[in-house]
Structure formats: structure tokens, C-alpha cells
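*Asks:* The structure is given below, and queries will be raised subsequently.
Here, each number is a calculation from the coordinates, and none is a lab measurement. Predicted model only: the values in this text are computed from it and were never measured. Cβ sites come from the backbone with ideal geometry, for glycine too, and all protein chains shown count toward neighbours.
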Amino acid sequence: MKLGTLCYIEKDGQYLMLHRTKKENDMHEGLWVGLGGKFEAGESPEECVIREVFEESGLTISNPQLRGVMTFPKFAKQKEDWYVFLFVATEFSGALKPCNEGELVWVDKSKLGDLPMHKGDYHFLKCMQDYDGVFTAKYIYENDALKDYNVRIY
């Protein structure tokens, strides 16, 4: 099992998105994603997301808000299941720096549906925008296609 975080930094009706174009053997190659990554030993979800956002963007987020906990069984042909803590951050400081995984771009929320993303990402982004609470979700992929999902809103 792998544990990870994902964060959408929000400013002026936009999210900071990462267009994954630079990393070798990237399961997200060519797609647009939020910022985040894998836990290091002993980290809490908040510590992980703050560290990952800083490493990828140069921004220091504060008070990240947990919006969802998602399960991705054997995602993208991985051998392990992924469990991902989904955050939104509206408080941040610092200046954007180049990312070694791709290009960082502020994207209007209304344009997210036009970007190439994993199919489940469209769904959980809609959940984040439509509901103020926290949700849990399970996204089942087969051959890189979204086969099924279930969501519970709290």
C-alpha cells in the first residue's frame, strides 16, 4: 500500500496545476494534476502535503483543508493500492519556482474540464467544488480507464 497527498492551491478562482511533462517513466505523463506525493516515514498528512507542495512549487502553504480521502486499488498498473489525502490550500507564501516534474500553471476552475487528466480527477474535482464537506471515494481503474467509483459525502 502507498500513502500520498494531493493539493489544489486556490487563488482568484484558479487552481495551481502541474502539467506533467519532465519525469521519466511517469504514470501521469502529459496529464494535469495537483501537487503532492508520497509520505515520508513519520509524517502526518498535513506535514506531507506541506513538504510536497514546497518541494514541487517553492510555495509554503498554511492551514491546508482536508477535503477527501481516496482509495485507488492497483492504480495505473501499480502493484500496490494508493490511499490519497486530498487537500485545498488558500493560504500560501513564497514565489513559484520551476518544477522538475513539469510546468506549473494557474488554471481557471471553469477550464479544468478542458485539460487532459485521469478520469477520476474530473470527478473528485467536481466533488470538491460542489460540496463543502469531506468525502471518501474509491476509484477503480482497469487498463488506465476508470471502470467504477463510489463516493460518500460527510
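*Asks:* How many percent of DSSP beta bridges within region 2-153 run antiparallel, rounded to 5?
*Replies:* Among the beta bridges of region 2-153, antiparallel pairing accounts for roughly 75 percent.
*Asks:* Between (1) 11, 42, 40, 7; (2) 10, 36, 37, 13, 3; (3) 10, 32, 35, 20, 3, which entry matches P(r) over Cα pairs in 10 Å bins from 0, in percent as derived from the coordinates of this structure?
*Replies:* Matching entry in (1) 11, 42, 40, 7; (2) 10, 36, 37, 13, 3; (3) 10, 32, 35, 20, 3: (1).
*Asks:* Order of Ile140, Ile61 from fewest to most other C-beta atoms within 10 Å?
*Replies:* Ile140, Ile61
*Asks:* Expected output is a single nm value to one decimal: the length gained when fully extending between Glu24 and Thr60, i.e. 0.36 nm times separation in residues minus the C-alpha distance. What is it?
*Replies:* Here the segment from Glu24 to Thr60 would lengthen by 10.3 nm.
*Asks:* Can you grab the distance from the C-alpha centre of region 1-22 to the C-alpha centre of region 83-153, Å, no decimals?
*Replies:* Here the answer is 7 Å between Cα centres.
*Asks:* Quick check on the chain: helices-only [θ] at 222 nm, where DSSP H runs of length 4 and up contribute -39,500 (n - 2.57) each and the sum goes over total residues. Nearest 500, please.
*Replies:* -5000 deg cm²/dmol
*Asks:* Also, quick follow-up: Counting other C-beta atoms within 10 Å, which of Val33, Val49 has the fewest, and how do the rest follow?
*Replies:* The fewest-first ordering by Cβ neighbours comes to Val33, Val49.
*Asks:* Evaluate the relative contact order of region 2-153 (contact order divided by residue number), counting alpha-carbon pairs under 8 angstrom at least 6 apart; express in whole percent.
*Replies:* Computed value for region 2-153: 28 percent relative contact order.
*Asks:* Any idea what the alpha-carbon Rg over 2.2 N^0.38 Å comes to for region 85-154?
*Replies:* So the Cα radius of gyration is 1.31 times the expected 2.2 N^0.38 Å.
*Asks:* Which entries of Lys11/Lys138; Lys11/Lys79; Lys79/Lys147 have Cα-Cα distances beyond 25 Å here?
*Replies:* From Lys11/Lys138; Lys11/Lys79; Lys79/Lys147, over 25 Å: Lys11/Lys138; Lys11/Lys79.
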